[in-house]
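Before any comments, here is the structure.
The values are calculated or read from the model by the stated rules, or taken from the named source; none is laboratory data. The model shown is predicted, which means the values in this text are computed figures rather than measured ones. Neighbour counts run over all protein chains shown; Cβ positions are idealised from the backbone, glycine included. Please note that ligands, DNA and RNA were not included when accessible areas were found on the heavy atoms of the full protein model with its side chains. Shrake-Rupley method; radii C 1.70, N 1.55, O 1.52, S 1.80 Å.
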Amino acid sequence: MEGRRLLAVVSGAHLACGLAGMVIALKRRRPYDLGWIRGRPDDIARDAVFLGTALSPPVSLLVAQAVMTTAVARGQSPRAARGLGVLGATMVVGYLVERHVWLRLTVPGRDAVESPLVVAGIGLAGTMAALGLRGVGDGADGVVG
């Protein structure tokens, strides 16, 4: 598969993961908990827009990701590929500082719905970072357009 298309597919899959995580977090009332700052279950709908949830990035980042993914898929912007790389790396860090994510990665904290979602989110964000930061789609990988 062509480099930029692969990046677009991976990013699209991560977007789906992020949206699913948001729906699950809203339904189960899982606010963000980064240790030094924590959301409250009563504020989760508002926080989902700007701060995210325990299982998803904020809506604002998901929208930015959707715009960049579309640009990469259309071959319109080499900067968008790098942007997805930076966003993917940032999201990996976001997942790894979230306390609820760590809980879902442990055997006693395993959940049939949330644990696979967390693993997929981390893996897809990491792949997005690797592809985007190495320049897939901007000619640096030998793939043009």
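For the stretch 1-48, what are the residues that are free of Cβ contacts under 8 Å to residues at least 60 places away in the same chain, open to solvent by 40 Å² or more (accessible area, probe 1.4 Å) and outside any helix (DSSP H, G or I)?
Of everything in the stretch 1-48, those that are free of Cβ contacts under 8 Å to residues at least 60 places away in the same chain, open to solvent by 40 Å² or more (accessible area, probe 1.4 Å) and outside any helix (DSSP H, G or I) turn out to be MET1, ARG29, TRP36, ILE37, ARG38, ARG40.
Take the residues in the stretch 87-114 that are of a type in the set (Gly, Ala, Ser), open to solvent by 10 Å² or more (accessible area, probe 1.4 Å) and in a helix (DSSP H, G or I); name whichever of them is farthest from MET22 (Cα to Cα).
ALA89
Please list, ordered by first then second residue, the pairs with beta carbon atoms under 8 Å, 6 or more apart or interchain, first in the stretch 72-92 and over 12 Å from ILE122 (Cα atoms), second at pLDDT below 90 and open to solvent by less than 10 Å² (accessible area, probe 1.4 Å).
The qualifying pairs are PRO78/GLY135; ALA81/GLY135; ALA81/VAL136; ARG82/GLY135.
Filtering the stretch 49-71 down to residues that are in contact (Cβ under 8 Å) with a residue 12 or more places away in the chain, on the phi < 0 side of the Ramachandran plot and in contact with a Pro (Cβ under 9 Å, 6 or more places away or on another chain), which residue is surrounded by the fewest Cβ atoms within 10 Å (Cβ to Cβ)?
Among residues in the stretch 49-71 that are in contact (Cβ under 8 Å) with a residue 12 or more places away in the chain, on the phi < 0 side of the Ramachandran plot and in contact with a Pro (Cβ under 9 Å, 6 or more places away or on another chain), the one surrounded by the fewest Cβ atoms within 10 Å (Cβ to Cβ) is LEU51.
Which pairs turn up if I take residues in the stretch 114-129 that are in contact (Cβ under 8 Å) with a residue 60 or more places away in the chain and over 24 Å from VAL72 (Cβ atoms) and look for partners that are hydrophobic (A, V, I, L, M, F, W, C) and surrounded by 19 or more Cβ atoms within 10 Å (Cβ to Cβ) with beta carbon separation below 6 Å, at least 6 apart in sequence or on another chain?
That search, which allows pairs on different chains as well, returns VAL118/VAL101.
Looking at this structure, is GLY109 closer than 23 Å to MET68 by Cα and not hydrophobic (A, V, I, L, M, F, W, C)?
no
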